[in-house]
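The structure under discussion appears below in the form of structure tokens.
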Amino acid sequence: MLLPGTQMHIITFLFVCIEVVILCYLLIYRLARPDDKTAYLNIILIFLLVVYNVTGGLLPDENLPGSYFIQMAIAYAMGFITPCYFPYYVYKAFGLAKMKFHAYKGVFFF
């Protein structure tokens, strides 16, 4: 079942709504505790997830302005950028020194 006028599934829309709530909470948390370094990493992660789910659900759409190629490029780029951030996030957020290669060079190699 899709949202009316889009290609986004209702479950994806519900996940986006939950992620937006989490993003708002993390922004407030970051303002309350500016010394917390992992909050910044969490904000980037949840932002990438929101953008990935929105672009994956709404693009490509013939009713939106812009070419079909650019819409597909944006959707696929977010599909690559979001998982590429995961090793860096795990390395920095959890302090795993053995993941340094994967966080900085492994993503490009693999």
Conditions: (1) among the aromatic types (Phe, Trp, Tyr); (2) modelled with pLDDT of 95 or more; (3) over 23 Å from residue 2 (Cα atoms). Residue 13 meets all but one. Number of the miss? (3)
Being among the aliphatic types (A, V, I, L, M), modelled with pLDDT of 95 or more, more than 15 Å from the chain's Cα centre (by Cα) and at negative phi narrows it down to one of 43, 28, 18, so name that one. 28
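Out of the range 1-42, which residues are among the β-branched types (Val, Ile, Thr) and closer than 18 Å to residue 93 by Cα?
Matches in the range 1-42: 22, 38.
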With the first residue restricted to the range 74-90 and required to be within 14 Å of residue 50 (Cα to Cα) and touching a residue at least 24 places away in the same chain (Cβ under 8 Å), and the second required to be buried (at least 16 other Cβ atoms within 10 Å of the Cβ) and of a type outside the set (Phe, Trp, Tyr), Cβ contacts under 6 Å at 6 or more apart or on different chains are 78/51; 78/55; 82/48; 85/48
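With the requirement that a residue be out of contact with any helix residue (DSSP H, G or I) (no Cβ under 8 Å at 6 or more places or on another chain) and free of Cβ contacts under 8 Å to residues at least 12 places away in the same chain, what does the range 38-69 give you?
65, 66, 67, 68, 69
Looking at this structure, is residue 103 in contact with a Lys or Arg (Cβ under 9 Å, 6 or more places away or on another chain), among the hydrophobic types (A, V, I, L, M, F, W, C), farther than 22 Å from residue 29 by Cβ and in a helix (DSSP H, G or I)?
Yes; evaluated as a whole, the condition is true for this residue.
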So, residue 37, is that one basic (Lys, Arg), surrounded by 14 or more Cβ atoms within 10 Å (Cβ to Cβ) and within 19 Å of the chain's Cα centre (by Cα) or not? no
Are there any pairs with C-beta distances below 8 angstrom linking a residue in the range 6-30 that is free of Cβ contacts under 8 Å to residues at least 12 places away in the same chain to a residue that is outside any helix (DSSP H, G or I) and of a type in the set (A, V, I, L, M, F, W, C), with the two at least 6 apart or on different chains, and if so which? 10/1; 10/2; 10/3
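Taking the residues in the range 1-32 that are aliphatic (A, V, I, L, M) and part of a loop (DSSP other than H, G, I, E, B) as candidates, determine which candidate is surrounded by the most Cβ atoms within 10 Å (Cβ to Cβ).
8
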Could you tell me whether the range 53-61 includes any residue that is assigned to a helix (DSSP H, G or I), exposed (fewer than 12 other Cβ atoms within 10 Å of the Cβ) and of a type outside the set (Val, Ile, Thr)? no
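The values are calculated or read from the model by the stated rules, or taken from the named source; none is laboratory data. None of the values given here were measured: they were computed from a predicted structure. FYI the Cβ positions are ideal-geometry reconstructions off the backbone, even for glycines, and counts take in every protein chain you see.
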